[in-house]
Each structure stands twice: as structure tokens, then as C-alpha cells.
Amino acid sequence: MGNWKMNKDLSSAVSYVEEFFKLARDTGGKIDIVLFPPFPLIHPVVEAIRGGARWTDLFAVGAQDMHFAEKGAYTGAVSGICIKSVGATHVIIGHSERRTLFGDDNKTVGAKLKSALEMGLVPVLCVGEPLDIRDAGREEEYVIRQLKSAFDKIETRSLRSFTFAYEPIWAIGTGRNATRDEIEPMHNLIRKWASKVGFQGGGDSVRILYGGSVNPDNARELYDIDGVDGFLVGGASLEAYSFAAILDAMIGKE
Ligand code: PGA
């Protein structure tokens with residue numbers, strides 16, 4: 001999944017999709033591809049994908065965030081209803097940049113997650129610890145607290161095929177990806193927690209993406225780690241050729 005963050009304009013977004021279709025190999029139905037453009041570019045990207053007519057069912061578009069309310073006096077905010085109406089099917093909830101730069105606390109993240117599920121959007125819930133917490137050896141309790149509060153008001157037994165993204169904050173945009181020894185235990189922890197709280201199908205039914213400095217050179221090794229089901233890619237998703245190269249690395253392993 002490619003998170004464009006606050007990058008691109010209309011023409012570069014549309015030409016990206018055209019270029020990606022030329023470069024990307026067929027995934028054989030095994031890998032879902034989702035692009036997360038800035039809000040105003042969601043609809044043009046949806047249209048460009050539909051016009052491209054290649055695996056439109058596997059290539060989806062999502063929003064990088066949403067407000068928890070359906071509508072109302074929230075100047076500058078965008079509701080799930082609105083993003084759905086322009087063709088988004090997915091939404092990132094609780095990205096660390098929303099948490100640290102825009103003040104989304106655990107309670108807000110929980111409200112957004114609940115709203116996304118009620119609206120029938122596919123949420124990608126991001127969790128991950130800052131460096132001081134990792135250095136203090138408290139990353140597991142930190143992530144568990146994020147998970148518990150995100151699902152505080154949600155009936156987990158009704159959920160199936162939920163998607164998490166583990167993104168250690170110190171690995172995002174830094175060029176320093178987490179290692180196998182750091183990723184594997186955390187993915188196990190999240191999966192066990194999902195199983196314990198009763199997601200339908202247990203821990204095996206959830207998908208856990210890794211995010212943090214994923215690029216074409218490290219994608220294959222990272223995808224090889226037990227429990228890594230895919231990636232949430234920031235910087236390396238901004239160019240169609242490098243996003244396609246990451247996909248290539250994943251297809252090689254499937
Ligand atoms: P990055 O960003 O790949 O640039 O580290 C990942 C993310 O923020 O989702």
C-alpha cells in the first residue's frame with residue numbers, strides 16, 4: 001500500500017497511475033495494491049485506474065485520514081461518507097504523523113476507526129512506538145495500549161480480515177528500517193492479541209503490514225519475515241518505478 005502523504009498534484013497523480021500500469025507486473029491476484037493520495041486527488045486517481053482497465057479489483061484507492069463525524073461544523077475536515085462517495089474504499093487510521101503532528105490521541109483514533117467500520121470503509125490501523133519507548137524496552141506494552149484503546153468501543157468479534165500496519169516511528173522516513181528481530185516479535189504480538197480479543201477467524205485472519213523505510217532494495221528481505229503480510233510504503237511509493245519494484249520483489253516471493 002502506498003501512502004503519498006502530502007505530495008503530488010493533479011497531473012503528476014494521473015501520470016503516476018499510467019506509468020505504474022506500464023511498469024507493474026501482474027500480481028496473479030495475490031497482492032492487493034492500494035494508493036493513498038491526498039484528499040482532492042482521490043477521485044482523479046480512481047478515474048485513472050478505471051480508465052487503465054488492468055486489475056481494477058486489486059488496485060484500490062484510499063484516504064490518508066478521515067474525521068470521525070459523518071458531517072457537521074468541522075472546518076477543514078473530511079468525513080468517511082465524503083471519501084467513500086468519490087471512490088475510496090480504504091482509509092488509514094492512526095498514522096503516526098496524524099498522532100504526533102495533528103494531535104490524534106488514542107481516543108480519537110478509536111472514534112475514527114469505529115466510524116470507518118460503520119461506513120463500510122476498509123481501515124488500515126497504524127500502531128508503532130517512538131524511539132525512547134523502544135530504547136526503554138516498553139514497545140510491546142505501548143503498542144498493546146494503542147490496540148486496546150483503538151478497539152475500546154468496537155465489537156471485535158464482528159471483525160474479519162482486519163488490516164494492521166506496524167510502523168515504528170523511528171523507522172518512518174529515516175532510511176532506517178526495523179530489523180527481523182524487531183519486526184517479527186511485534187507482528188506476533190499483534191496477531192496473538194487479535195486472536196485473544198476474538199477477531200473472526202482468529203489471528204490468522206488478520207493482515208499485518210510493516211511500514212518504515214521500505215524500498216525496492218529491502219522489500220524482499222522484509223517480506224520474508226514471518227508474519228509480514230505486506231507493506232505500507234511512504235517515500236518509495238512516490239515514484240511509480242520504485243513502487244512497482246517493491247511489488248516485483250513481493251511477487252518474486254509469492
Ligand atoms: P516511509 O513511510 O516508507 O517513507 O518510511 C512509511 C509511512 O509513513 O507509512
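The values are calculated or read from the model by the stated rules, or taken from the named source; none is laboratory data. The shown structure was predicted, so the numbers you read here are calculated from the model rather than taken from an experiment. For neighbour counting, all protein chains shown are included, and Cβ atoms are generated from backbone atoms with ideal geometry for every residue, glycine included. Areas reflect the complete protein model, heavy atoms only, side chains present, ligands, DNA and RNA absent. Shrake-Rupley method; radii C 1.70, N 1.55, O 1.52, S 1.80 Å.
State the number of residues belonging to the stretch 194-223 that are part of a loop (DSSP other than H, G, I, E, B) and charged (D, E, K, R). Reasoning before the result, please.
In the first step, residues of the stretch 194-223 are kept if they are part of a loop (DSSP other than H, G, I, E, B); the result is 197-201, 206, 212-218.
Next cut, charged (D, E, K, R) only: 217.
Of the residues in the stretch 194-223, 1 are part of a loop (DSSP other than H, G, I, E, B) and charged (D, E, K, R).
Within the group Ser96, Ser85, which residue is over 18 Å from the mean Cα position of the chain (by Cα) and modelled with pLDDT of 95 or more? Give the steps one after another, and end with the answer.
Details: Ser96 fails: over 18 Å from the mean Cα position of the chain (by Cα).
Of the residues listed, the single one that is over 18 Å from the mean Cα position of the chain (by Cα) and modelled with pLDDT of 95 or more is Ser85.
What is the residue count in the stretch 191-214 for residues that are at negative phi, crowded, with 19+ Cβ neighbours inside 10 Å and within 16 Å of the ligand (Cβ to nearest atom)?
Of all residues in the stretch 191-214, those at negative phi come to 191-197, 199-200, 203-211, 214.
Then drop every residue that is not crowded, with 19+ Cβ neighbours inside 10 Å, which leaves 191, 193-194, 199, 206, 208-211, 214.
Adding the requirement that they be within 16 Å of the ligand (Cβ to nearest atom) leaves 208-211, 214.
Residues that pass the stated criteria total 5.
With the structure loaded, tell me whether Ala245 is assigned to a helix (DSSP H, G or I) and either among the aromatic types (Phe, Trp, Tyr) or within 10 Å of the ligand (Cβ to nearest atom) (or both) or whether it fails that test. Explain how you work it out, then say what you get.
Working: assigned to a helix (DSSP H, G or I): yes; either among the aromatic types (Phe, Trp, Tyr) or within 10 Å of the ligand (Cβ to nearest atom) (or both): no.
Here the answer is no, as Ala245 does not meet what is asked.
Can you give me the number of residues within the stretch 151-178 that are within 15 Å of the ligand (Cβ to nearest atom), not in a helix (DSSP H, G or I) and not basic (Lys, Arg)? First the steps, then the outcome.
As a first pass, look at the stretch 151-178 and keep what is within 15 Å of the ligand (Cβ to nearest atom): 163-178.
Checking which are not in a helix (DSSP H, G or I) leaves us with 163-168, 172-178.
Imposing the further condition that a residue be not basic (Lys, Arg) reduces the set to 163-168, 172-175, 177-178.
Matching residues across the stretch 151-178 total 12.
Of (1) open to solvent by less than 50 Å² (accessible area, probe 1.4 Å); (2) at pLDDT 95 or above, Met250 satisfies all except one. Which?
Met250 satisfies every listed condition except (2).
Any idea which residue in the stretch 76-98 is nearest to the ligand (Cβ to nearest atom), counting only those that are open to solvent by 40 Å² or more (accessible area, probe 1.4 Å) and not polar (S, T, N, Q)? Show your work before the answer.
Residues of the stretch 76-98 open to solvent by 40 Å² or more (accessible area, probe 1.4 Å): 76-77, 81-82, 84-86, 89, 97-98.
Those left that are additionally not polar (S, T, N, Q): 76-77, 81-82, 84, 86, 97-98.
On the way: Gly76: 21, Ala77: 21, Ile81: 25, Cys82: 22, Lys84: 22, Val86: 22, Glu97: 7, Arg98: 10 Å.
By that ranking, first place goes to Glu97.
Filter the stretch 20-55 for residues that are modelled with pLDDT of 95 or more, open to solvent by 30 Å² or more (accessible area, probe 1.4 Å) and closer than 26 Å to Ile172 by Cα; which is farthest from the ligand (Cβ to nearest atom)?
Filtering the stretch 20-55 for residues that are modelled with pLDDT of 95 or more, open to solvent by 30 Å² or more (accessible area, probe 1.4 Å) and closer than 26 Å to Ile172 by Cα, the one farthest from the ligand (Cβ to nearest atom) comes out as Pro40.
Output the residues belonging to the stretch 113-153 that are surrounded by fewer than 18 Cβ atoms within 10 Å (Cβ to Cβ) and among the polar types (S, T, N, Q). Give the steps one after another, and end with the answer.
So the first thing to find is which residues in the stretch 113-153 are surrounded by fewer than 18 Cβ atoms within 10 Å (Cβ to Cβ), and the list is 118-120, 122, 130-132, 135-138, 140-142, 144-145, 148-149, 152-153.
Selection gives Ser149 alone.
Any residue in the stretch 19-38 that's closer than 17 Å to Leu209 by Cα and of a type in the set (A, V, I, L, M): show its pairings with residues that are open to solvent by less than 50 Å² (accessible area, probe 1.4 Å) and assigned to a helix (DSSP H, G or I) at Cβ separation under 8 Å, as long as the two are six or more apart or on different chains.
Every condition considered, the pairs that remain are Ile31/Leu247; Ile31/Met250; Ile31/Ile251; Ile33/Leu247; Leu35/Val17; Leu35/Val45; Leu35/Ser237.
Of the residues Asn177, Asn188, only one is open to solvent by 40 Å² or more (accessible area, probe 1.4 Å), touching a Leu at 6+ places or on another chain (Cβ under 8 Å) and of a type in the set (S, T, N, Q); which? Before the answer, list the steps.
Details: Asn188 fails: touching a Leu at 6+ places or on another chain (Cβ under 8 Å).
Being open to solvent by 40 Å² or more (accessible area, probe 1.4 Å), touching a Leu at 6+ places or on another chain (Cβ under 8 Å) and of a type in the set (S, T, N, Q) holds for just one of Asn177, Asn188, which is Asn177.
Write out, first by first residue and then by second, each pair whose Cβ atoms fall under 8 Å of each other, whose residues are 6+ apart or on separate chains, and whose first residue, in the stretch 155-166, is modelled with pLDDT of 90 or more while the second is among the basic types (Lys, Arg).
Phe162/Arg207; Thr163/Arg207; Phe164/Arg207
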